[in-house]
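Q: Dropping a structure here in structure tokens format, bear with me for questions.
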Amino acid sequence: MNWKRRMRRNLLFAVLGGAVANAIYWGLLYTTALHGFAAGALGPANNFVWRLDPNCYTPLRCNLEMLAANVVLYTFWIFVALIGIDVLRQLKQKPAR
């Protein structure tokens, strides 16, 4: 498998993983036991959105901006992890003779 296909596959997994992680954390916001954990996990996106747009016009728009920022943040970090795993796997392979 060439590197372009591996990158495309890793990016697809990262986007799907970012969306799933965001959905899980967003769902945890509505629980009583794990609300603090979910609010802490969603904190970076809150800070990012509030810093760029200090007076959000509507709650729906702010929530959508936070969801989009979270998906991008989670996608980035999942993609970095997948690339690291792929590089380690490529370095571990024996060279062809």
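Q: Go through segment 58-65 residue by residue and turn each phi into a ³J(HN,Hα) via Karplus (6.51, -1.76, 1.60, θ = phi - 60°); whole Hz please, and just put x for glycine and proline.
A: Taking θ as phi minus 60°, the curve returns 10, x, 5, 5, 4, 5, 5, 5 Hz for segment 58-65.
Q: Mind listing P(r) for the chain? All alpha-carbon pairs, 5 Å bins, whole percents.
A: With 5 Å bins starting at 0, P(r) equals 2, 13, 17, 18, 15, 11, 9, 7, 4, 2, 1, 1, 0.
Q: Please go through segment 14-97 and write out the chymotrypsin sites (Phe, Trp or Tyr not before Pro) that DSSP classes as loop and that have at most 15 other C-beta atoms within 10 Å.
A: Working: sites: Tyr25, Trp26, Tyr30, Phe37, Phe48, Trp50, Tyr57, Tyr74, Phe76, Trp77, Phe79; in loops: Tyr30, Tyr57.
Taking segment 14-97 and a limit of 15 other Cβ atoms within 10 Å, the loop chymotrypsin sites (Phe, Trp or Tyr not before Pro) found are Tyr30, Tyr57.
Q: Still on this model: Please report, in debye to the nearest 20, how large the charge dipole of the chain is about its Cα centre when each Lys and Arg carries +1 at its beta carbon and each Asp and Glu carries -1 there.
A: Working: 11 positive and 3 negative charges, 188 e Å.
Using only the charged Cβ atoms, the result is roughly 900 debye.
Q: Just to confirm my numbers, what's the Cα centroid distance between segment 49-81 and segment 1-39 in Å?
A: Using only Cα atoms to place each centre, the spacing works out to 13 Å.
Taken together, the values in this text are just the output of simple stated rules run on the coordinates, not laboratory data. Values in this document were obtained by computation on a predicted structure and should not be read as measured data. Note that we place each Cβ from the backbone using ideal geometry, even for glycine, and neighbour counts take in every protein chain shown.
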